[in-house]
Amino acid sequence: MTFSPQIPHWGDANNQFSKKLYKYHSWLLETGIKNGIISNKNPQFVWDEFIIHSLYFGKIINELDQTFDSVYDLGTGGGIPGIPVAITNPKNQFSLVDISESRVFELQRLKNILNLNNVEIMQKDARSVISNNNLYISRCYISSKDALESIKKNKNTIYIVSSNGEKIEHDKNMFHVKQENFTINSTDIRHIDVITVR
């Protein structure tokens, strides 16, 4: 399989950040796989599923047109989606949260390699940082159903989370749920739920 690191048309504005995105991609393939941060995948899979999927989180954040003190990536693992979003949104502050000491150590090194001054790495239980008036993103840490349960007491909170595209039952007086669909390449559809506590 040949590797074609393309950015979809909806992400054209991110072309200016391509050098750092490629560097992060290389880090995932080398340090990420070597240290068990991600499983052994081919370069195209890593680009499409980790980089491009993450960029769509950034697109959604930009479309919210709101200001947040910090964006929290919960259960960030190898910095997915937080690192690509932080690379392409240098004016926003990002807190990458993971409970694993070894992942946090490698992410701190990555932050220095990429010179990401808008990123803070935190070794914490992700649920401990959820509070009012914040924006949270998560690719694999939590399901939309669990996110609804976790944030229902936190007013003015937005959670952007990967989903399988299924409709989720929710109290429309308490939550607003918008389901986004996007194409990674010409055939693969992915889903992200944007959950807002009313």
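The values are calculated or read from the model by the stated rules, or taken from the named source; none is laboratory data. Only a predicted model underlies this, so the values are computations on that prediction, with no experimental measurement involved. Positions of Cβ are generated from backbone atoms using ideal geometry, with glycine treated the same way; all protein chains shown enter the neighbour counts. Surface areas here come from the heavy atoms of the whole protein model, side chains and all, with no ligands, DNA or RNA. Shrake-Rupley method; radii C 1.70, N 1.55, O 1.52, S 1.80 Å.
Annotations
- Rg to Rh, two decimals, where the chain supplies the alpha carbon set and Rh follows Kirkwood: 0.94
- Accessible surface of segment 28-112, 1.4 Å probe: 44 percent of it comes from carbon and sulfur atoms.
- A simple rule links phi to the HN-Hα coupling: the Karplus curve 6.51 cos²θ - 1.76 cosθ + 1.60 with θ = phi - 60°, which for segment 115-120 gives 6, 9, 6, 9, 10, 10 Hz, with x for Gly and Pro.
- Where the chain is the region considered: accessible area per residue in Å², 1.4 Å probe: 51 Å²
- Nearest-ten-degree value, helix 53-64 long axis tilted from longest Cα axis of the chain: 40 degrees
- Axis angle, to the nearest 10 degrees, between helix 101-114 and the longest C-alpha principal axis of the chain: 70 degrees.
- Semi-axis lengths, Å, segment 1-56, gyration tensor of Cα atoms, sqrt of 5 times eigenvalues: 20, 12, 10
- Over segment 41-144, the pair-distance histogram of Cα-Cα distances with 5 Å bins from zero comes to 2, 13, 24, 26, 21, 10, 2, 0 percent, rounded to whole numbers.
- Helix 18-27 and the longest principal axis of the Cα set of the chain meet at an angle near 80°.
- Counting charges near L114 (Lys, Arg +1; Asp, Glu -1) among other residues having Cβ under 13 Å from its Cβ returns a value of +4.
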